[in-house]
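Report on one structure; see the data block that follows.
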Amino acid sequence: MPRHGAGGPNFFPHRGGYEMQSPRRALPPSEVPHDLEAERAVLNQILMNGRRDLIVAMRILRPEDFFSPAHRTVYEAMQAIGALGANPGDIILLLCWLRAHGLMDVVGGDAGVSSLLG
């Protein structure tokens, strides 16, 4: 059976008739809803409170939930540090981890990470 009814490709079967549905399209990155300040606030909380807040964040947020590639990378680094049993809120350890993995350019260098402190 074709995916569309008599009305054309945007009409789908619906109880006794057809219902119009908008074609789905992926939004360009500039149109995806995002809040960079909220992202910074989450990362700041993890830097301030360490493992406890990372655990809370991980219940809710995945790395791909971060719009900013820099924020996503920092969050992934925090998760990796936490998985090793270390304090993800230790900014020196975070900077060392990012450096060791060649990710300092992605996060904006020392200044980009330090800016998350507030």
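Some observations on this one:
This table checks each residue for (1) under 16 Å from R40 (Cα atoms); (2) of a type in the set (K, R); (3) at pLDDT 95 or above; (4) outside any loop (DSSP other than H, G, I, E, B).
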| residue | (1), (2), (3), (4) |
| --- | --- |
| T73 | yes, no, yes, yes |
| E76 | yes, no, yes, yes |
| G82 | no, no, yes, yes |
| A86 | no, no, yes, no |
| L94 | yes, no, yes, yes |
| L98 | no, no, yes, yes |
| G102 | no, no, yes, no |
| V106 | yes, no, yes, yes |
| G112 | yes, no, yes, yes |
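- The listed residue being touching an Asp or Glu at 6+ places or on another chain (Cβ under 9 Å) and touching a residue at least 40 places away in the same chain (Cβ under 8 Å), out of P63, P88: P88
- Any hit, the range 42-61, residues being surrounded by 15 or more Cβ atoms within 10 Å (Cβ to Cβ), small (G, A, S) and either part of a helix (DSSP H, G or I) or touching a helix residue (DSSP H, G or I) at 6+ places or on another chain (Cβ under 8 Å) (or both): yes
- Count of residues meeting criterion [more than 15 Å from L103 (Cα to Cα) and touching a Gly at 6+ places or on another chain (Cβ under 7 Å)] in the range 40-81: 8
- Checking each residue in the range 91-102 for being touching a residue at least 12 places away in the same chain (Cβ under 8 Å) and either surrounded by fewer than 17 Cβ atoms within 10 Å (Cβ to Cβ) or small (G, A, S) (or both) picks out I91, L93, H101.
The values are calculated or read from the model by the stated rules, or taken from the named source; none is laboratory data. Given the structure is predicted, the values throughout are model-derived calculations rather than measurements. With ideal geometry, Cβ positions are generated from the backbone for all residues, glycine too; neighbour counts draw on all protein chains shown.
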